[in-house]
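See structure below.
The values are calculated or read from the model by the stated rules, or taken from the named source; none is laboratory data. Just so it is clear, the structure is predicted and the values come from calculations on it, not from any experiment. Positions of Cβ are backbone-derived with ideal geometry, glycine not excepted, and every protein chain shown enters the neighbour counts. We work out accessible area using only protein heavy atoms, side chains counted, and drop any ligands, DNA or RNA first. Shrake-Rupley method; radii C 1.70, N 1.55, O 1.52, S 1.80 Å.
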Amino acid sequence: MLRVENLSVAVEDKLILRNINLHIAPGEVHVLFGPNGTGKSTLLGTVMGFERFKVLEGKIYFKGKDITGLPCNERAKLGLGMMIQRPPTIRGLSLRKMVEICGAAPAEVEELAQLMDMENFLDRSVNEGFSGGELKRAELLQLMAQKPELLLLDEPESGVDVENIALVGKAANRILSDKNHAALIITHLGTVLQYVPATHAHILYEGRITCQQDAPGEVLKCIEKDGYSACACKCCISRCQESQCGGVCLKG
């Protein structure tokens, strides 16, 4: 589904990501942990093709196709969809029309809006005057209309209450009910994992993926107990012992 190989990325000439390697197969849900400022949103934005993220080295493949040079809209057409932390307001474009643009038939718009408790927002401009939870639900509504094969969620718990996190899970699971679809989710608290079962976990620390495990719950427990640095180092040492780390351990 997604193959990221030896990816290095800069933002405004500052190196953010170093030699990232990540493989996501159909049906998998990967969760990405890491402290603020370590490059998690940069990684998702680079996969989605946002222009501010400059690829210095490496390649991004989606369903076997090299998409490294493709613009964001072309990647969306191929089947990538992303929920960002701060979506823009689009005055003059109704949410109803936006959901139709994303792929929903007119008759389907009302059904999807009911699932996200957004029926009363359909004829308002996209995101205009929306609260934090309403912004999240509006984006999820658009994603359900798009039905992306690879779902990218950037901190879906940020700024929302438990009820809205449950709606995030409801929408994500609807998209992922197709077993050929997959997801990559950034989370700090891990709350979303109560609603969206993850299959793999990673720690992004100091611009590198230092931990790759198939036990997301154990990785989260390690982070909560010992912190990102210690947990990333433990994972890295373990990978070194298995000759998997490529010599990029945090402690040399």
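The condition (being within 18 Å of the chain's Cα centre (by Cα), farther than 23 Å from PRO156 by Cβ and either open to solvent by less than 40 Å² (accessible area, probe 1.4 Å) or of a type in the set (A, V, I, L, M, F, W, C) (or both)) is satisfied by just one residue among ILE16, ILE84, ILE67, ILE20: ILE67. Being touching a strand residue (DSSP E or B) at 6+ places or on another chain (Cβ under 6 Å) and assigned to a helix (DSSP H, G or I) is the filter here; which residues of region 130-170 pass it? Scanning region 130-170 gives GLU139, LEU143, GLN146. Residues that are under 30 Å from ASP226 (Cβ atoms) and open to solvent by 50 Å² or more (accessible area, probe 1.4 Å) within region 24-64 comprise ASN36, GLY37, listed in sequence order.
The rows are residues; the columns are (1) more than 22 Å from PHE50 (Cα to Cα); (2) part of a loop (DSSP other than H, G, I, E, B); (3) among the aliphatic types (A, V, I, L, M).
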site	(1), (2), (3)
ARG86	no, yes, no
VAL99	no, no, yes
GLY103	no, yes, no
ALA107	yes, no, yes
ALA113	yes, no, yes
ASP123	yes, yes, no
GLU128	yes, yes, no
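Which of the residues spanning region 1-12 are of a type in the set (A, V, I, L, M, F, W, C) and in a strand (DSSP E or B)? Passing the criteria: LEU2, VAL4, LEU7, VAL9, ALA10, VAL11. So for region 101-110 (the condition being within 24 Å of ILE186 (Cα to Cα) and open to solvent by less than 30 Å² (accessible area, probe 1.4 Å)), does at least one residue qualify? The answer is no, given that none of the residues of region 101-110 is within 24 Å of ILE186 (Cα to Cα) and open to solvent by less than 30 Å² (accessible area, probe 1.4 Å).
Scanning region 194-212 finds no residues that are surrounded by 22 or more Cβ atoms within 10 Å (Cβ to Cβ), free of Cβ contacts under 8 Å to residues at least 24 places away in the same chain and closer than 15 Å to VAL31 by Cβ. Residue check: SER94 meets all listed conditions (1) polar (S, T, N, Q); (2) under 23 Å from ALA171 (Cα atoms); (3) without any contact (Cβ under 8 Å) to a residue 24 or more places away in the chain but one, namely (3).
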